[in-house]
Amino acid sequence: MYYLFGEYHQAAQTAVLARQYFEEITAVSVLPLFCFYYSLVLLSLFVKASSSEKEAWLSYVSTSQEKMQKWAEYAPMNYLHKFNLIEAKKARILGKFLEAEEFYKRAISGASEHEFIQEEALAYELAAKHYLARGREKIAQTYMKEAHYCYDRWGAIAKVKDLEKRYPQLFNSNLVRQSNSILTDETIPRPTAAIDLAAVMKAAQALSEMIHLDQLIATLMQVVIENAAAETGALILLEDDRLTVVAQCSGSRQCHLEKSAVASCATIPISVIHSVERTQETLMFDDAVSEPSFFFD
């Protein structure tokens with residue numbers, strides 16, 4: 001938290017306290033995360049450090065990166081983008097700007113591919129700071145907006161607001177305000193609040209290309225199911241004061257378009273549907289069969 005909000009000295013002090021416990025720790029997965037953030041902290045403090053501190057810190061980062069590289073050899077999907085992001089930050093402070101930019105691109109690509117949304121956001125943010133420091137504001141603006149979008153998808157609203165406050169020149173204030181008024185509405189639960197941009201683009205493409213309504217409904221249903229990471233989905237409309245199932249689709253891309261009353265549809269959880277219709281509230285269950293109200297549905 002200290003690191004993400006730019007409080008690097010506090011982050012370093014906390015890291016020193018944490019290091020003493022690593023000899024006793026058994027959860028190996030914690031160590032790479034510590035190495036990752038502590039390296040970023042030290043590199044963030046590097047510019048104003050003394051010569052002896054710079055030497056010691058670079059030595060630590062190099063040792064840490066050797067470990068990260070080994071972890072990346074066994075599990076590149078988890079660690080390679082972390083390794084690349086540290087290399088980018090290190091190259092930047094050493095004045096190797098083109099090398100840094102290449103590592104930033106690799107870090108962003110790896111984090112995105114393997115769905116580390118928080119580290120994708122961080123990589124975009126650090127790349128934006130790099131370009132901003134070099135006077136390339138247009139590129140910095142693009143990267144910072146991507147960071148803003150990723151943090152918002154992650155649900156890190158405090159971080160989103162922090163970026164807007166620190167870099168107002170990089171954001172269209174009206175657009176950001178309008179976006180937040182929609183995505184931070186307390187009636188919408190996260191993380192489903194932030195609609196995935198790729199899903200929106202798919203929907204827009206479908207709208208522009210589809211002619212037949214049935215084909216359009218089937219395509220949009222698949223987009224919704226894919227974006228929600230759902231196994232099945234149903235489109236239910238209120239027609240003539242009666243809930244009607246218009247479409248049922250599964251993740252296997254099978255979509256049945258046949259109107260039927262909700263009450264007569266065996267594959268629809270009727271009690272859940274009527275509860276949502278009555279309360280107008282979202283229902284989410286970790287284990288639906290343990291819910292007394294819906295146990296027999």
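The values are calculated or read from the model by the stated rules, or taken from the named source; none is laboratory data. Here the structure is a predicted model, which is why all the values come from computation and not from measurement. Cβ: placed from backbone, ideal geometry, glycine included. Neighbour counts: every protein chain shown.
The residue list 82, 89, 48 contains one member that is at pLDDT below 95 and under 30 Å from residue 145 (Cβ atoms), which is 48. Checking each residue in the stretch 230-259 for being exposed (fewer than 13 other Cβ atoms within 10 Å of the Cβ) and assigned to a loop (DSSP other than H, G, I, E, B) picks out 230, 231, 240, 241, 252, 253, 254, 258, 259. For the residues 146, 115, the requirement of being modelled with pLDDT of 90 or more, out of contact with any Leu (no Cβ under 7 Å at 6 or more places or on another chain) and not in a helix (DSSP H, G or I) singles out 115. Of all residues in the stretch 74-85, those that are free of Cβ contacts under 8 Å to residues at least 60 places away in the same chain have Cβ atoms under 7 Å from Cβ atoms of residues that are among the basic types (Lys, Arg) and assigned to a helix (DSSP H, G or I), 6 or more apart or on another chain, in 84/106.
Let's see how each residue does on (1) closer than 19 Å to residue 126 by Cβ; (2) surrounded by 13 or more Cβ atoms within 10 Å (Cβ to Cβ); (3) touching a Leu at 6+ places or on another chain (Cβ under 9 Å):
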residue	(1), (2), (3)
35	yes, yes, no
38	yes, yes, no
42	yes, yes, yes
48	yes, no, no
59	no, no, no
67	no, yes, yes
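Among the residues of the stretch 119-138, those identified as over 18 Å from residue 96 (Cα atoms) and modelled with pLDDT under 95 are 137, 138. Taken residue by residue, the stretch 161-177 has at least one member that is more than 29 Å from residue 97 (Cα to Cα), out of contact with any Leu (no Cβ under 6 Å at 6 or more places or on another chain) and either at pLDDT 90 or above or surrounded by 11 or more Cβ atoms within 10 Å (Cβ to Cβ) (or both).
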